[in-house]
1. State the extension gain, in nm to one decimal, for the chain segment bounded by residue 48 and residue 160, taking 0.36 nm per residue of separation less the distance between their alpha-carbons.
2. If each residue of separation counts as 0.36 nm, what is the full-extension length gain between residue 181 and residue 91 once their alpha-carbon separation is subtracted?
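Rule-based calculations on the coordinates, nothing more; no lab input. Note that the structure is a prediction, hence the values are computed from the model and not measured.
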C-alpha cells in the first residue's frame, strides 16, 4: 500500500500538498460531529476533553495562520472536519478548500466551507482572510461547549472568547495566535476577552 501512495503522489510531490487529497494516520474515534450526534458518545466528552479539543484546533489554526509561509486559511472549520484520536486529541482534516494567503494577491476566492460556519464577509465579498477561520472557530467552540457544565468562570470566559470570534467586523476578531495563547494560559480572563 505504501508503494501505491508513493506512486499516486509522485513521491509526495508538492503539487499534491493542498486541495488535491491527502494521507495520514487513521483516527479511530472519527469526527467531532459524530460524537455530538450520539448521546452515549457525547457523554464521553467531559469538560476537560472538550476544552482540550478547542485548544488543539486553536493551536493548529495558529500554526497555519502565523507560522506557515505563506499563511494557510483552512476555509472549512467544522465539527465534521475535526477528527479525534484514541486520546481525544483533535486533528484538522479536509484541506480540500484550504488556501495559501499571499501578500501579493487579492486573495479572492469562490465560496466554500460548511453552511453555518462560513464567515458572513466571505459570503458577501468572496475575499478570504485568516479572520474567516476565526469566525468558523467561534462557531465550532460554541458547538463544542454547549453540553452541560456548571456555569463557572471558565465556561463563561470561553463563551465570551467564542463570541469575540463571531464579531461582525473581521478586524475586531482576535487572531488565532491570541486565542491559542489565551487558551494555553488557562481560562481567558475577563479583561483579555472584554476588549473584543
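1. Values: separation 112, 0.36 × 112 = 40.32 nm, distance 1.80 nm.
So the extension gain works out to 38.5 nm.
2. Working: separation 90, 0.36 × 90 = 32.40 nm, distance 1.83 nm.
Extra length from residue 181 to residue 91 when fully extended: 30.6 nm.
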